[in-house]
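First up is the structure itself, then whatever we jot down about it.
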Amino acid sequence: MIYLDNAATTRPAQDVLDTYVKVNQNLYFNPNSPHQAGLQAEQLLNQAKAQINQILNLEDRYDIIFTNGATESNNMALKGAAYNRKPYADEIIVSVLEHPSVLEVMRHLETEGFKLRYVNVTKEGKIDLEHFESLMNSNVGLVTCMHVNNITGQIQPIEEMAEILEAYPKAHFHVDAVQAIGKIPLTFKGIDSMSFSGHKFNGLKGQGLLLVHNIHNLEPVIHGGGQEYGLRSGTVNLPIDIAIVKALKHAVHQQDDLHQRLTEWNQQLRRFFNDYPGVKVNSPDTSAPHILNVGFDGVKGEVLVNAFSKQDVMLSTTSACSSKRGHLNEVLLSMGISESRIEGSIRISMGAVTTEEDIKGFKAAFKAVYEEMKELLKK
Ligand code: PMP
């Protein structure tokens, strides 16, 4: 099987699994228990947080909250910051580029009276910085933007947004870095909170992180025993928290090598697609290399995914998530891509375990699928 759906999830690394099992066997204690075993667990938890600070070079500027994934991290940060600022700054800036775990939170906040402002997107699938600056004012309490888009791989201008935000200290800046970690260098300057999901970098499902610059800027959205700074109540899942540190360490340490490898394959595939009329790469050249979105004008994405699946190649469509315009993908629409090409778009996503053999196998499968579909394509 050739697995090219790494933006959806990745294969857990063996030592991440081993760590999870080992900590469960030997240190299953509750870090909030007052006895010696509990204290030992608490020490390990604090060590894990210190290690994350070290791995990401954060210089202890962030508190680390372990969550069950980025959906929870995004909910916690966005609602937490919005509620915190509501009395004096109830405008929120977002764009259609965001993942549903951000956009649906936004729609919910809108029903609670927050004022949403959608920032324009350029043809390259990036935040329009001029428009962003024009939307900023002292009533904005929250700005959210992903680091790397999950549909196209486009890298967003986080650093530039943070610079603009320097003039607006009331605005909390949240960054969803799910598709960026381990793939490109991250920007932290001027960022108030950041989300990660372990299973996107060879960790486990049910494992996430929220980095928060100032926990007092977030209202809790999960209430209970007060664990984890009063923001994320519930018994701490030490085995899962220790295991994500392992995955994070690998992701960060291998980032440069992986980036080089993936860039080479990305460019190779772009050249390869050039020889097939009717097939066009939707991902801009400046995208992160692990995601390649490709449009087949005239064929449906679902049909393509099935055809590749029959060839034992696993990849995904990009037809999900649209409210206003039926089933068309909002991210690709915002880039001005034609509706028929959007309908025939697929996402190829590579990761740390992708091999040269996978790329070769994909090309062979592509040729077979193209032969099958070529009469239908608009060239
Ligand atoms: N943000 C982005 C950009 C994502 O790609 C995903 C996963 N598809 C999420 C958030 C949500 O992560 P999870 O499903 O692990 O909660």
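The values are calculated or read from the model by the stated rules, or taken from the named source; none is laboratory data. Computed from a prediction, not measured in an experiment: that's the story for all the values here. Note that each Cβ is placed from the backbone with ideal geometry, even for glycine, and that neighbours are counted across all protein chains shown.
Results, tabulated for the structure shown:
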item	result
All positions within segment 178-203 that are buried (at least 24 other Cβ atoms within 10 Å of the Cβ) and more than 12 Å from the chain's Cα centre (by Cα)	I191, S193, N202, G203
Residues (within 15 Å of A77 (Cβ to Cβ) and assigned to a helix (DSSP H, G or I)) located in segment 87-105	S101, V102, L103, E104, V105
Every residue from segment 178-212 that is of a type in the set (S, T, Y) and either without any contact (Cβ under 8 Å) to a residue 40 or more places away in the chain or within 15 Å of the ligand (Cβ to nearest atom) (or both)	S193, S195, S197
Residue satisfying condition, being surrounded by 20 or more Cβ atoms within 10 Å (Cβ to Cβ) and in contact with a Gly (Cβ under 8 Å, 6 or more places away or on another chain), within set G80, G69	G69
Enumeration of residues in segment 165-177 that are farther than 15 Å from I155 by Cα and within 13 Å of the ligand (Cβ to nearest atom)	H174
Count of residues meeting criterion [away from the ligand (no atom under 12 Å from the Cβ) and either out of contact with any helix residue (DSSP H, G or I) (no Cβ under 7 Å at 6 or more places or on another chain) or at pLDDT below 95 (or both)] in segment 142-159	3
Subset of segment 83-124 [within 16 Å of the ligand (Cβ to nearest atom) and hydroxyl-bearing (S, T, Y)]	S95, S101
For M314: the one exception among (1) in contact with a strand residue (DSSP E or B) (Cβ under 6 Å, 6 or more places away or on another chain); (2) hydrophobic (A, V, I, L, M, F, W, C); (3) surrounded by 18 or more Cβ atoms within 10 Å (Cβ to Cβ)	(3)
The one condition in (1) within 28 Å of L39 (Cα to Cα); (2) touching a strand residue (DSSP E or B) at 6+ places or on another chain (Cβ under 7 Å); (3) within 14 Å of the ligand (Cβ to nearest atom) that I240 fails to fulfil	(2)
Tally, over segment 56-81, of residues that are of a type in the set (F, W, Y) and either near the ligand (Cβ under 8 Å from one of its atoms) or part of a loop (DSSP other than H, G, I, E, B) (or both)	1
Tabulated pairs, segment 348-376, first touching a residue at least 40 places away in the same chain (Cβ under 8 Å), second acidic (D, E) and surrounded by 14 or more Cβ atoms within 10 Å (Cβ to Cβ), C-beta under 8 angstrom, 6+ apart or interchain	S349/D5; M350/D358
Top-ranked residue in segment 221-249 [being touching a helix residue (DSSP H, G or I) at 6+ places or on another chain (Cβ under 7 Å) and assigned to a loop (DSSP other than H, G, I, E, B); ranked as nearest to R61 (Cα to Cα)]	Y229
Residue under evaluation V175, criteria (1) within 30 Å of Q254 (Cβ to Cβ); (2) surrounded by fewer than 23 Cβ atoms within 10 Å (Cβ to Cβ); (3) free of Cβ contacts under 8 Å to residues at least 60 places away in the same chain, criterion not met	(2)
Candidate set from segment 1-46 (those that are small (G, A, S), assigned to a loop (DSSP other than H, G, I, E, B) and crowded, with 18+ Cβ neighbours inside 10 Å); member that is nearest to the ligand (Cβ to nearest atom)	A7
Selection within segment 262-292 - farther than 20 Å from Q156 by Cα and touching a residue at least 40 places away in the same chain (Cβ under 8 Å)	W265, Q268, L269, F272, Y276, P277, G278, V279, K280
